[in-house]
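Report on the following structure.
The values are calculated or read from the model by the stated rules, or taken from the named source; none is laboratory data. This structure is a prediction, so every number in the text was calculated from the model and none was measured. Every residue, glycine among them, receives a Cβ derived from its backbone with ideal geometry; neighbour counts consider all protein chains shown.
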Amino acid sequence: MVRLVRFILGLGGMLALAWPALAQISTHGTSGIGPFTLAQVDSGRTAYNEYCAACHGYNLQNGTHRTSLIGPGFIAGWGTRTTWEYYRYVSYRMPNREPGSLTPETYSAIIAYILAANGAQPGIETLTPLSSVRIDTIADGIIREPVLSGNSQPQ
């Protein structure tokens, strides 16, 4: 009986350790198509301006926190990481004085907006907290002005 309990506890521990790797399974490759929709980008732009722009700037840069969320610096910092890792970081740490206070849908939409502004194209999947695609396979860090202004979809 003791061996069975140890086996079950060990199996649970292995699954807990493997979860991040399992979450990185994706149907997306280097196509530039992100795991988010155009509707999320539009919603994310509005939510970003409401909850994030005061610290990070209205064009994803030059905010009071000096942390640019667009361009080569963003890709240098986040490109080799996944959307799952970025979602987790953002939702655990933002907004500054109220981390975790937004809904999962709002966090996902804000991230979709940031990715689109960095060159990722919207697709048909909805970004969720479990979506996991390596960021530099969908975004190139070239600033897409139309995404920032909301005048047209990403190019």
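Worth a mention:
- In the set (1) out of contact with any strand residue (DSSP E or B) (no Cβ under 9 Å at 6 or more places or on another chain); (2) farther than 14 Å from A117 by Cβ; (3) small (G, A, S), G79 fails one condition alone, (1).
- Residues of the range 119-152 that are small (G, A, S), more than 14 Å from G32 (Cβ to Cβ) and in contact (Cβ under 8 Å) with a residue 40 or more places away in the chain: S131, S132, G150.
- Among the residues of the range 104-134, those identified as of a type in the set (S, T, N, Q) and either in a helix (DSSP H, G or I) or closer than 15 Å to W78 by Cβ (or both) are T106, S108, N118, S131, S132.
- Count of residues meeting criterion [surrounded by fewer than 19 Cβ atoms within 10 Å (Cβ to Cβ), of a type in the set (S, T, N, Q) and assigned to a helix (DSSP H, G or I)] in the range 88-98: 0
- The set of residues in the range 32-59 being touching a helix residue (DSSP H, G or I) at 6+ places or on another chain (Cβ under 6 Å) and either surrounded by fewer than 15 Cβ atoms within 10 Å (Cβ to Cβ) or in a helix (DSSP H, G or I) (or both) consists of Q40, V41, S43, G44, R45, A47, Y48.
- Condition met for A76 (at pLDDT below 95, farther than 20 Å from P35 by Cβ, outside any loop (DSSP other than H, G, I, E, B) and not acidic (D, E)): no
- Unmet criterion (only one of (1) of a type in the set (S, T, Y); (2) under 22 Å from Y89 (Cβ atoms); (3) free of Cβ contacts under 8 Å to residues at least 12 places away in the same chain) for T106: (3)
- Condition check for I70: buried (at least 19 other Cβ atoms within 10 Å of the Cβ), among the β-branched types (V, I, T), closer than 22 Å to N151 by Cα and under 11 Å from the mean Cα position of the chain (by Cα): no
- Filter pass, S101 being in a helix (DSSP H, G or I), within 17 Å of A47 (Cβ to Cβ), polar (S, T, N, Q) and out of contact with any Ser or Thr (no Cβ under 7 Å at 6 or more places or on another chain): no
- Any hit, the range 108-118, residues being over 9 Å from the mean Cα position of the chain (by Cα), modelled with pLDDT of 95 or more and farther than 23 Å from C55 by Cα: no
- Scanning the range 105-122 for residues that are surrounded by fewer than 22 Cβ atoms within 10 Å (Cβ to Cβ) and touching a Gly at 6+ places or on another chain (Cβ under 6 Å) yields a single hit, Q121.
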